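Reviewing the structure listed below.
The values are calculated or read from the model by the stated rules, or taken from the named source; none is laboratory data. Just so you know, these numbers come straight off a predicted model, no measurement behind them. With ideal geometry, Cβ positions are generated from the backbone for all residues, glycine too; neighbour counts draw on all protein chains shown. Keep in mind that these areas ignore ligands, DNA and RNA; they rest on the heavy atoms of the full protein, side chains included. Shrake-Rupley method; radii C 1.70, N 1.55, O 1.52, S 1.80 Å.
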Amino acid sequence: MVTLRDIRDGHAPLSSDNAFVVETMPPASSRVASVAAPIYLLLFPIPVVLFVAAVVTDVAYSASAFLMWLHFSQWLIAAGLAFGALAAIALLVVVFASGANRVGTYGWSHLVLFYAALIIEVFNAFIHTADGWTAVVPIGVLLSIVGAICALAAVGTLFFMPIAWVSARGAPA
Amino acid sequence: MGVRTGGAGMKRHIALVVCLSLAACGTGQNIEKSTQYGPTPDIPEPSRTLLPQMKVADVVGWSGGDKPTVPQGFRIDAIATGLSSPRNIYALPNGDLLVIESKKDAPEPLERPKRPVMAWIEKKAHGGSGGERPSNRVLLLRHADSGGKPDTPTVLIDHLNSPFGVVLVGDTLYVADTDAILRFPFKVGQTSVDGPGEKVIDLPAGPINHHWTKSLTANADGSKLYVGVGSNSNAMERGIEAETNRAAIWEVDPASGAFKVFARGLRNPNGLTFYPGSSTLWAVVNERDELGPNLVPDYLTSVKPGAFYGWPYSYWGQHVDPRVRPQRSDLVKSAIAPDYGLSSHVAPLGLAFYTGNSFPSQFHGGAFVGEHGSWNRPEPNGYKLVFIRFENGRPVGDPMDFVTGFVEDGKAHGRPVGVAVDRTGALIVADDVGNTVWRVTAETKS
């Protein structure tokens, strides 16, 4: 009886006789990817939504000078970064586990845009610590817009390649 | 609402964008702090770095016989040690001293992600001073002159609510808690007070209570009290509603409990004192942070009745703070500049005019200012007691370092706060982080 461990450790050949084992039980790295991928897909929308919301509250503050909107922006950006950091780690795990050669152009675009959004929002969080108007106008709201565009563009890449590269079974075309 | 940005403002914004795009860009405020002493300090343009520039000295306390440094011809001794955050000193006419131990107990509400960070900085700067020992009380310190050994204080009034200012008027001792002025019957020489205090008037306090020290003094005939009520924010970032009758000096009628705002626009006024023999009220004021290491200069000023000193809309007269919206050009127009700059972020919290005779004549009538020290500056400023000479009731010349050595090699032994001159003409300094009361005496009279 050939076991999966035998095949993995090279004690048994990978032949058509036992191919079904391989089909149903992917290699360890793919299994990690198959766990990390759904976690990533769960986390990734949260910072996107929060960063877009921060644009709305920044614009509201710019138009009203009402400090409640500034407080909203600060919490939205901070929370976006907290979930964004978790998502960023999950994404790294997916990339390493599934192998760089499976990521593909759209996959890399997705990663770069999402990470760019996070880096911009880190700066934005610091800009938003100012005590009043200069926390938002003009740099804060500008960075909020650029950060949200990057995050939405990262979402956009999924239209061209529905995150296939992060799933364990599907291979990029 | 007036939220449009004018041309000058836009120019500054563009400069800010350029500045942020260059990773390592200076503050544009590279001026000597000495250019900010006196009546016409240099006021540079606001500058901003991604994070506020800050440096807070680690608190190590005083060990062994360590002492602050005083000029030649003077000596300094600890007259009370092991206290719990002594913030203020009041000298009674018989030579007794009142030591006001005080801490802010309640945390400020969590409005922004920035708040916990600021709370951590404030905690670090105070080094958990006094630990869990009881504080928030008035101690009586009777100097026994026991060969330079510290005296043992007794508790005069306990269970106060973050007290700071005290003033004796006749046989009445007024104590300014953070939320009220209290009145206690007290005859000089007594070592205890009878019964709880009676409330004279409520003062603005919680739930935010950012600047919480209420400085207190009385006019010559004791008919009016003057109390400093600091702002609830750095630059109105908690909204105008939180600042009702704050950043102001109140004039209180102790008989009726009525008050009126005596002067406003003073961000955090402390050390309220009438110039000896005059009806001119003086104060030291903590100006705003996060506009750069050399902005805005803290100051010493005579307080003109009814005057507006700018906060939050402008600083040092009519320099508009770009952070505050809506802007109030009508109020800025009426803002007056204070009398004397002490340089930026020194945090003056204590003021005493020298009314004794034991110090050399140049000190007579001059001002001692306790500078608690900076956080919003890469090079610490303050952390010392300075002296400013007065002529004809006005400050002249640069401040002179008088008691120094509170910070050594970036470590804080202590931080000076309240100042007083006792009956013998010695200078008494409260050190809230070093938990010590210091006494400075002249060795020889010149």
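Here are some notes:
- Check on A:Ala82, in a helix (DSSP H, G or I), free of Cβ contacts under 8 Å to residues at least 60 places away in the same chain, within 14 Å of chain B (Cβ to nearest Cβ) and not polar (S, T, N, Q): yes
- Lone qualifier among B:Gly405, B:Gly393 - being of a type outside the set (Lys, Arg) and either at pLDDT below 95 or in contact with a Pro (Cβ under 7 Å, 6 or more places away or on another chain) (or both): B:Gly405
- Scanning segment B:191-217 for residues that are small (Gly, Ala, Ser), in contact (Cβ under 8 Å) with a residue 24 or more places away in the chain and surrounded by fewer than 22 Cβ atoms within 10 Å (Cβ to Cβ) yields a total of 4.
- Residue match in segment B:372-389 (condition: open to solvent by less than 10 Å² (accessible area, probe 1.4 Å), of a type in the set (D, E, K, R) and either under 30 Å from A:Met68 (Cα atoms) or not in a loop (DSSP other than H, G, I, E, B) (or both)): no
Table: residues versus (1) within 14 Å of chain A (Cβ to nearest Cβ); (2) of a type outside the set (Val, Ile, Thr); (3) in contact (Cβ under 8 Å) with a residue 40 or more places away in the chain.
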| residue | (1), (2), (3) |
| --- | --- |
| B:Arg238 | yes, yes, yes |
| B:Ile249 | no, no, yes |
| B:Val252 | no, no, yes |
| B:Ser256 | no, yes, no |
| B:Phe259 | no, yes, yes |
| B:Phe274 | no, yes, yes |
| B:Ser279 | no, yes, yes |
| B:Pro305 | no, yes, yes |
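- In segment A:34-52, of all residues being of a type in the set (Gly, Ala, Ser) and out of contact with any Leu (no Cβ under 9 Å at 6 or more places or on another chain), the one that is most open to solvent (accessible area, probe 1.4 Å) corresponds to A:Ser34.
- Set side by side, the residues B:Ala57, B:Ala24 differ, and just one is at pLDDT below 95, within 29 Å of B:Lys411 (Cβ to Cβ), touching a strand residue (DSSP E or B) at 6+ places or on another chain (Cβ under 7 Å) and of a type outside the set (Lys, Arg), which is B:Ala57.
- Search result, residues across segment A:85-132 that are of a type in the set (Asp, Glu) and assigned to a helix (DSSP H, G or I): A:Glu121
- Filter result (of a type in the set (Phe, Trp, Tyr) and closer than 15 Å to A:Ile145 by Cα) within segment A:47-82: A:Phe51, A:Tyr61
- When we screen A:Val94, A:Val55 for residues that are among the β-branched types (Val, Ile, Thr), more than 12 Å from chain B (Cβ to nearest Cβ), under 30 Å from A:Ser29 (Cβ atoms) and open to solvent by less than 50 Å² (accessible area, probe 1.4 Å), the only hit is A:Val94.
- Qualifying residue in segment A:108-121 (condition: under 30 Å from B:Pro312 (Cβ atoms), away from chain B (no Cβ under 12 Å) and of a type in the set (Gly, Ala, Ser)): no
- Screening segment B:138-153 for residues that are over 20 Å from B:Gly414 (Cβ atoms) and modelled with pLDDT of 95 or more and picking the one that is surrounded by the fewest Cβ atoms within 10 Å (Cβ to Cβ) gives B:Leu140.
- Within segment B:243-265, tally of residues that are open to solvent by less than 30 Å² (accessible area, probe 1.4 Å), out of contact with any His (no Cβ under 9 Å at 6 or more places or on another chain) and in a loop (DSSP other than H, G, I, E, B): 3
- Selection status of B:Thr172, surrounded by 21 or more Cβ atoms within 10 Å (Cβ to Cβ), of a type in the set (Ser, Thr, Tyr) and within 23 Å of B:Gly271 (Cα to Cα): no
- Looking only at residues of segment B:88-121 that are without any contact (Cβ under 8 Å) to a residue 12 or more places away in the chain and open to solvent by 50 Å² or more (accessible area, probe 1.4 Å), we find that the one that is farthest from the other protein chains (Cβ to nearest Cβ) is B:Trp120.
- Of all residue pairs spaced 6 or more apart or on separate chains, those with beta-carbon atoms under 9 Å, a first member in segment B:313-334 that is more than 12 Å from every other protein chain (Cβ to nearest Cβ) and a second member that is among the basic types (Lys, Arg) are B:Ser314/B:Arg328; B:Tyr315/B:Arg267; B:Tyr315/B:Arg288; B:Gln318/B:Lys333.
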